[in-house]
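The values are calculated or read from the model by the stated rules, or taken from the named source; none is laboratory data. Every value quoted in this text rests on a predicted model; they were computed, and no experiment measured them. With ideal geometry, Cβ positions are generated from the backbone for all residues, glycine too; neighbour counts draw on all protein chains shown. With ligands, DNA and RNA removed, areas are computed over all heavy atoms of the protein, side chains included. Shrake-Rupley method; radii C 1.70, N 1.55, O 1.52, S 1.80 Å.
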Amino acid sequence: MRIDEFPLQDKNQIAASYSAADPSVKNLYDYNGFNADMMEQRVLDIGRREYERDKLANYLSDYNFQFSCSKETLTNIDKLRNPISAAVIGGQQAGLLTGPLLTIHKCISIIQFACIQEQQLGIPVVPVFWIAGEDHDYDEINHVNIKRNGRPEKRSLPPISPLKTSATLMEWNSGKAAEWAESVFREFGETEFTKEILSKVKEVFTSSKTAVHSFAQLITDLFGDYGLILVDSGEPQFKRLQSTTLERMIARNSEVDNAFTEGIHQLTRQGFPAPVELQKNNAHLFIYHNGERLLLFRDESGNYETKNDEVSFTSEQLLTYAKEKPELFSNNVVTRPVMQESLFPTLAFIAGSGEIAYWSALKEVFHLFGFKMTPLVPRLSMTIVTEKNEKQLKETGLKVEDVLREGTEASKLAWFESHKPYNTKDVYSKTVAKIEEAHSELKKLALSIDPSLERLSEVNLNRIKSELDYLHNKMDRAMKREFVEPLSLFDHLQCDLAPDGVLQERVWNTYSYINRYGKYWIKQLASHPLDFNGKHKVVYLR
């Protein structure tokens, strides 16, 4: 395995400014300019707070034990009982077969950053992966992408219920899930690793009641040796730890909403786009009702109702539920970070671009609860290059950064222009110029006869040029048939490294690479020291 790196501009304006330590965003976060001093200050800050460490560790032990977690994970959980210990946390939705590659990159980021900070700070620092099991948008996690006709194509697993409940509570048909996995692996193709890996996946799917359970088991299998701790935000028993903070969120709900609204307005005043849509009187909490996860809104009288007035509650009722039945509640993107901060002695949060952007509006929400906003560390971003990709890069003369920054289409056209046997472009351009010159005389005559013919003359010329363009394209297509193989190299590179112009890590599934190379490359990557320097990593697999 070889790993290179290069700067790659983040397309998210806020995240790019944060990563570059731009002074324009300094006021949006409590900790800025990621460095050792910031981490040391954070240790002092969390050291001034009290956490229910034993309750948290007891829960995490029970939750992780059900996935036959490693002794390293249990040791890390026990470290959380130590009053000077801290956690590095990152999270993601529970995608099928672990979801897109970025989930794996985030796990590796959490593990490596925790290890680095433990060595540098001299305190126990543990890696925690927060599974976003509260989310109810099943369409975001119910598929993987396979390659079909040079493009990503979804392979989805339909839900067994139309209810919009959390992924944690959404049970699936395990037999159908195993069949779906088998069909996906057929698309991945048969390799020396397929039989063993597919057998394990089917075993996990068959024994899992939900997609979240299967996700947790697969992540445990991949990263157990590194002591990664899992927590599922949608798990009912975990919510039993959240009562106190839930009560505060309800008691100060309008203040939470006002603080968030002001955070969004502050962003727009500074010229940044709003990362999250504002909704009037949003309570920023969901409630489970008749099996569905419904967003709550405050009404004019201070009570709460769901959209379309399906069900309503008084503030007193919600406070009682928060105390006695906290499993009825679920956080949204505004309250989830605060809930995490209230439960864990969080040294740092490993964040993707979207998270860095929407957290930029949350500073005053954190302050309402007496917390400083958790330091954000941009996660490691990577592109995997296979041996086949390396050969394609060599034959096309492209570099990985060329593909990620500009795509391959311009290079493909340039290659074709330099290799095609006939220079149709020059002949075409000269022909068009001659016709335009000749047609101008005809247009003058037409206008002298009837000035109203001006528009018709322009339409006539464009029609002639369109026909020439059509012939030119047909000539090029005929010549391209002679270069199908070399031209296809550019398309394959685009599809593999930046499908549809999007980073590979957001599209391709981890198991398509595990199927091709086995699991060993993930252990190599997790063990390879990686710099949190903001540069994009290029991982060459062999």
For His419, solvent-accessible area (1.4 Å; no DNA, RNA or ligand), Å²: 90 Å²
Probe 1.4 Å, all protein chains present, accessible-area order of Glu118, Glu505, Glu235, largest first: Glu118, Glu235, Glu505
Pairs of alpha carbons in segment 112-225 whose separation is greater than 23 Å (percent): 42 percent
Taking the convex hull of Cα positions in segment 1-64, its mean projected area over all directions (nm²): 8.4 nm²
Sparse-neighbour loop sites [GluC sites (Glu not before Pro); segment 190-259; at most 14 other C-beta within 10 Å; DSSP]: Glu190, Glu192
Pairwise centroid distance, computed over Cα atoms, of segment 265-333 with segment 183-197, Å: 44 Å
Distance (nanometres) between label positions extended 7 Å along Cα→Cβ at Glu40 and Asn173: 6.0 nm
Principal-axis tilt of helix 315-324 within the chain, Cα atoms, nearest 10 degrees: 70 degrees
9 Å beta-carbon shell around Ile384, net charge (K/R +1, D/E -1): -2
Extension gain from Arg542 to Ala251, taking 0.36 nm per residue of separation minus the Cα-Cα distance: 99.1 nm
Other-chain or far-sequence residues with amide H under 5 Å of Thr346's (modelled H): Ala87
Sites Leu461 and Asn533, calculated FRET efficiency, Cβ-Cβ separation with R0 45 Å, nearest 0.05: 0.20
Percentage relative contact order, segment 95-173, counting C-alpha pairs under 8 Å, at least six apart: 29 percent
Cα gyration tensor, segment 356-459 - rounded (a/c under 1.5), prolate or oblate: oblate
Whole-number percent relative contact order across segment 342-458, with pairs defined as alpha carbons under 8 Å at least 6 apart: 16 percent
Estimated distance in nm for a label pair at Thr75 and Ser315, the labels positioned 7 Å out from Cα along Cα-to-Cβ: 5.0 nm
Gap separating the Cα centres of segment 449-491 and segment 356-422, nearest whole Å: 34 Å
Set of segment 1-25 residues, backbone N closer than 19 Å to the point 7 Å along the Cα-Cβ line of Ala410: 7-11
Of every Cα-Cα pair in segment 324-371, the percent that sits beyond 13 Å: 63 percent
Asp469 accessible area, 1.4 Å probe, all protein chains in place, Å² to nearest 10: 60 Å²
Estimated distance in nm for a label pair at Gln119 and Glu454, the labels positioned 7 Å out from Cα along Cα-to-Cβ: 7.5 nm
Along principal axes, Cα extents of segment 230-351, largest first, whole Å: 43, 38, 23
Where only alpha carbons of segment 473-541 are counted, the Rg and the Dmax (Å): 17.2, 53
Straight-distance crosslink candidates among lysines, where the alpha carbon sits under 23 Å from Lys280 and sequence neighbours closer than 8 are dropped: Lys164, Lys307, Lys363
Coarse-grained scattering of segment 417-542 at q = 0.09 Å⁻¹, given as base-10 log I(q)/I(0) from a Debye sum over alpha-carbon atoms: -0.58
Order by protection proxy (mean Cβ within 10 Å, highest first), peptides 63-69, 13-19: 13-19, 63-69
In degrees, nearest ten, helix 36-47 long axis to first principal axis of the chain (Cα): 30 degrees
Value of relative contact order over the chain, rounded to a whole percent, pairs C-alpha under 8 Å and six or more apart: 24 percent
Note, ³J(HN,Hα) from phi for segment 145-161, Karplus 6.51, -1.76, 1.60, rounded to Hz, x at Gly and Pro: 9, 10, 8, 9, 6, x, 9, x, 9, 6, 10, 9, 10, x, x, 9, 9
For Val377, distant residues with modelled amide H under 5 Å away: Phe349, Ile350, Ala351
The chain: Rg to Rh, with Rh as the Kirkwood radius over Cα pairs: 1.06
Nearest-ten-degree value, helix 211-223 long axis tilted from longest Cα axis of the chain: 90 degrees
FRET E, pair Asp54, Glu187, Förster distance 60 Å, beta-carbon r, rounded to 0.05: 0.80
Residue-averaged [θ]222 nm for the chain, counting only DSSP H segments that reach four residues, each worth -39500 (n - 2.57): -16000 deg cm²/dmol
